[in-house]
Each structure stands twice: as C-alpha cells, then as structure tokens.
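The block underneath contains the structure these notes are about, expressed in structure tokens.
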Amino acid sequence: MIGIKQTLSAFAIALQLGLLLSANAQPSVKPANANPRFWIYLLAGQSNMSGRADLSDTVHQRMTGYPEIRNSRIKMLDANNNWVPARHPIHFDYPNAGIGPGMAFAVRLLESIGDTTIVIGLVPAAVGGSNSAQWLPSSTGSLYATAVKRTFRATSDGVLKGILFHQGEADIQQHTTTGWSDRINTIISELRGTFNRPGLPFIIGEIGYFVPGHEQINSQIAGIASSRVNVSRVSADGLEDKGDHLHFNGISSSLLGKRYADAMKRIQNNNVN
C-alpha cells in the first residue's frame, strides 16, 4: 500500500499548484452568454478520482480504445484554466496521474443523453493523498477554494450540472474516519450554497472493497446518500485494484466512471436540481 508520506507529498505538490491557479480564477456572477448546452462537472476528492491506473494498461486499451479515445464533445479544464480536448490523464495533481473515472463518465453520460448538441466540460480538482479535513472550506490552504474558483471559471462558459466526489482512503490510513460523514455533509452544503444550487447533484463513490478498512467509510457514504436530496452513492462492488490494495485498475476506473454517469443521469431525470 502506498504510504502516507508519499500521498502527502503528492498533496503538497498539488496544493502549491492549486493555490497558483486560484489566484487567476475569481468567483463571479454567471455571465448571460454562458452556453446552457455546455454541461460542467466538477471532479473532486483524492487519487482514485484523479486516476492512478497505468496509462499503458493494455487490457484497458483493448476494451476502451485508449489512447485513441477522442470526442470533440468532451472538454477538460487544464492547469492553465483553458478548455482543451479531454483525454487521459485528466488530472495533473501528480506526475503519475493516470486513468481515472472522468473520461468514462463523460462518454457514458453523452451516450445516455442522446442529445448531440450537448458538450461536457470536466473540471479536474482532485488531489492525491488529501483527507476530508483538507477539503473543508475552513481549512488553511483549502482545496475547496481552488476547486470552487476553477469551477467558477468553467461556468463562465457553461452551466454546472453536478459534482463527482471520491475520497476517504487517506482518512482510513490516518485513522480519522470518525466524523467523516459530518465533514462531507459540510462540504456538500457549502458547495451548494456557494453556487446557489440547493439541489446540485452530488455523487459519492464507494472506497474499493480491496482497501483494508473500506467499510469505515462506505457505511458513512450510505448514510449520507440516504439522508440527503440529490446525493447518490456509487457502488464499488466487483471493482479491482491495480495490485496495491489502494487504487482501481484501468478497467475498474472506467466502470466506476460509468456508474457515476448512471447515477447522475437518474438524478437529472428527476428534474429537481
């Protein structure tokens, strides 16, 4: 298993980058010319949202077509806050960022929508090794602030449709799982308040069942999803690690992304957000 020292090193690198990015991305009122057909999704959490599956995963390549995956209707906000064609790795929080769930999420969602005028914009903000406390708005150097500012930048061009969240492994390693659900509930409420969207869809992915202690977080995810409107839990049942008992492999990262898309589509079909 990757140790705390290495994951926190990744966090330190990403935090410095995040603070630099945030300086040029100030919150603003949504402009009148934002395209309602450009759907924005924030990707937040830690390394399994960022993606750590090997880009040279040949099985994944055969099953998904990577690295040939190209879709002009899927964009991602890069490290310079510019929209570029989406491709793996979507995140840039650490040099070993790889295949995560974001691309498969976007592909699956577009397929399920069936509207060829919709374009999806992904806002990568996950940081490997980050614990739940570091995502609180009140945290010093909060990742929350960077994620919010990047999202406001993205919504100058489109409309925020939902948030994908995957986090908890760091809390398991650091023995800080007590109160995890309280911190996540705070993050959900604060994000919805910040964007003035009380029904903004928030999808939480379960920790891989191969992670020792996963049930400490997954039981809390179930409680959050069952008690809040437009919050959904994505199962990690049947998903496999890449051999480190911590990170999803390429196939499982993509399957996870598809499950996120299915959950998001179910909420959007309710037309309550």
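The values are calculated or read from the model by the stated rules, or taken from the named source; none is laboratory data. Please read all numbers here as calculations on a predicted model, not as lab measurements. We place every Cβ from the backbone using ideal geometry, glycine too, and count neighbours over all the protein chains shown.
Kindly check whether there is at least one residue in the stretch 171-178 that is modelled with pLDDT of 95 or more and closer than 26 Å to Asn81 by Cβ. Within the stretch 171-178 (the criterion being modelled with pLDDT of 95 or more and closer than 26 Å to Asn81 by Cβ), the answer is no, since none of the residues qualifies. Need the failing condition index for Ile251 against (1) surrounded by 18 or more Cβ atoms within 10 Å (Cβ to Cβ); (2) modelled with pLDDT of 95 or more; (3) under 19 Å from the mean Cα position of the chain (by Cα), just the number. Checking Ile251 against (1) surrounded by 18 or more Cβ atoms within 10 Å (Cβ to Cβ); (2) modelled with pLDDT of 95 or more; (3) under 19 Å from the mean Cα position of the chain (by Cα), the one that fails is (2). Residue check, Ile163 against (1) within 14 Å of Asn48 (Cα to Cα); (2) in contact with a strand residue (DSSP E or B) (Cβ under 6 Å, 6 or more places away or on another chain), all met but one. Which one? Here Ile163 meets the rest and fails (1).
Check Asp78, Asp171, Asp157 and return the single one that is of a type in the set (D, E, K, R) and touching a residue at least 60 places away in the same chain (Cβ under 8 Å). Spell out the reasoning first.
On the way: Asp78 fails: touching a residue at least 60 places away in the same chain (Cβ under 8 Å); Asp171 fails: touching a residue at least 60 places away in the same chain (Cβ under 8 Å).
Result: Asp157 is the single residue among Asp78, Asp171, Asp157 that is of a type in the set (D, E, K, R) and touching a residue at least 60 places away in the same chain (Cβ under 8 Å).
Does Ser181 meet the test of being surrounded by 15 or more Cβ atoms within 10 Å (Cβ to Cβ), farther than 21 Å from Ser142 by Cβ and of a type outside the set (Val, Ile, Thr)? The answer is no for Ser181. Evaluated against (1) over 19 Å from Trp135 (Cα atoms); (2) loosely packed, with under 15 Cβ neighbours inside 10 Å, Gly213 falls short on exactly one condition, (2).
Could you look through the stretch 229-248, keep only residues that are outside any strand (DSSP E or B) and in contact with a Ser or Thr (Cβ under 9 Å, 6 or more places away or on another chain), and pick out the one that is surrounded by the most Cβ atoms within 10 Å (Cβ to Cβ)? That would be His247. If the condition is being more than 16 Å from Phe38 (Cα to Cα) and within 17 Å of the chain's Cα centre (by Cα), then the stretch 139-161 contributes Ser142, Leu143, Tyr144, Ala145, Thr146, Ala147, Val148, Lys149.
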